[in-house]
Every structure is written in structure tokens, then in C-alpha cells.
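This report concerns only the one structure given below.
The values are calculated or read from the model by the stated rules, or taken from the named source; none is laboratory data. Fair warning: this is a prediction, and the values are worked out from it, not measured in the lab. For neighbour counting, all protein chains shown are included, and Cβ atoms are generated from backbone atoms with ideal geometry for every residue, glycine included.
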């Protein structure tokens with residue numbers, strides 16, 4: 001993957017409704033730093049933030065089954081999301097597949113490009 005290709009995933013991360021403010025900020029700072037002497041530090045910061053923020057499939061399932069998850073999403077949506085999460089886990093997924101986590105997984109899997 002090239003930096004230009006990776007940039008699209010950072011942009012997708014930032015645009016994702018499920019992206020937390022901290023990851024959005026780290027992504028924006030990384031994009032602003034591309035091609036500058038600040039790029040390496042911004043890249044390290046982005047990777048560190050995404051490592052903290054990406055949701056494992058097991059954490060997602062635990063949250064969806066909790067009272068807080070049912071309150072946040074509503075019982076019906078939490079149940080539907082649980083079915084989906086169990087399906088993707090059975091297919092081998094390690095992480096939530098919401099737009100933010102999906103982009104974060106690609107970015108983290110290409111850390112060598114971020115740090116190059």
C-alpha cells in the first residue's frame with residue numbers, strides 16, 4: 001500500500017460517524033503533517049490512538065449484551081448488531097466492522113507505511 005492509498009483510509013476514518021473525537025483529531029493531524037518534518041510524530045500518535053480505540057469483536061459483543069449497550073443502541077438494534085457481530089466473528093473477524101474500526105484496522109495493518 002502506498003501513502004496515497006493509506007491517506008484514503010485516514011480520510012474514511014475521520015469521516016466515519018463512529019469515529020471518536022480523539023481518533024478524528026489524530027487523523028486530521030496526521031493528514032496535515034504528511035510531507036512535513038512532523039509526519040513521523042503524527043504517524044506514531046495516530047497509531048497509538050487507533051491501538052487504544054479499535055474495538056475487538058469480543059469487546060463489541062460484551063458491550064452489545066450489556067445494559068449500557070442496550071440503552072445506547074436500543075434493544076432491537078443491539079440484538080441485530082449482536083447477530084451480525086457473532087457472524088463476522090465466526091468468519092474470523094477480530095475487530096468491529098463499523099466504518100471507523102474497519103479503517104483503523106487497515107491503517108494499523110499498514111503501520112510500516114504510516115511510519116515510512
- Taking the residues in segment 26-48 that are assigned to a helix (DSSP H, G or I) and touching a residue at least 24 places away in the same chain (Cβ under 8 Å) as candidates, determine which candidate is farthest from the chain's Cα centre (by Cα). 40
- Task: Just one of (1) assigned by TED's automatic domain parsing to the domain that holds residue 108; (2) farther than 23 Å from residue 105 by Cα; (3) surrounded by 15 or more Cβ atoms within 10 Å (Cβ to Cβ) trips up residue 37, so point out which.
- Result: (3)
- Item | Among (1) touching a helix residue (DSSP H, G or I) at 6+ places or on another chain (Cβ under 6 Å); (2) more than 23 Å from residue 11 (Cα to Cα); (3) at pLDDT below 95, the one test that residue 115 misses | (2)
- farther than 20 Å from residue 3 by Cα and either exposed (fewer than 14 other Cβ atoms within 10 Å of the Cβ) or under 19 Å from the mean Cα position of the chain (by Cα) (or both): does that describe residue 107? no
- Item | Residues (crowded, with 19+ Cβ neighbours inside 10 Å and closer than 17 Å to residue 116 by Cβ) located in segment 1-34 | 6, 9, 10, 30
- Check off (1) surrounded by fewer than 17 Cβ atoms within 10 Å (Cβ to Cβ); (2) in contact with a helix residue (DSSP H, G or I) (Cβ under 6 Å, 6 or more places away or on another chain); (3) over 21 Å from residue 22 (Cα atoms) for residue 78 and give me the number that stays unchecked. (1)
- Item | Filter pass, residue 69 being over 15 Å from the mean Cα position of the chain (by Cα), without any contact (Cβ under 8 Å) to a residue 12 or more places away in the chain and either in a helix (DSSP H, G or I) or not assigned by TED's automatic domain parsing to the domain that holds residue 2 (or both) | yes
- Note on the structure: When (1) assigned to a helix (DSSP H, G or I); (2) closer than 30 Å to residue 1 by Cβ; (3) touching a helix residue (DSSP H, G or I) at 6+ places or on another chain (Cβ under 6 Å) are applied to residue 64, the one that fails is (2)
- Please state which one of 85, 93 is assigned to a loop (DSSP other than H, G, I, E, B), in contact with a helix residue (DSSP H, G or I) (Cβ under 8 Å, 6 or more places away or on another chain) and buried (at least 17 other Cβ atoms within 10 Å of the Cβ). 93
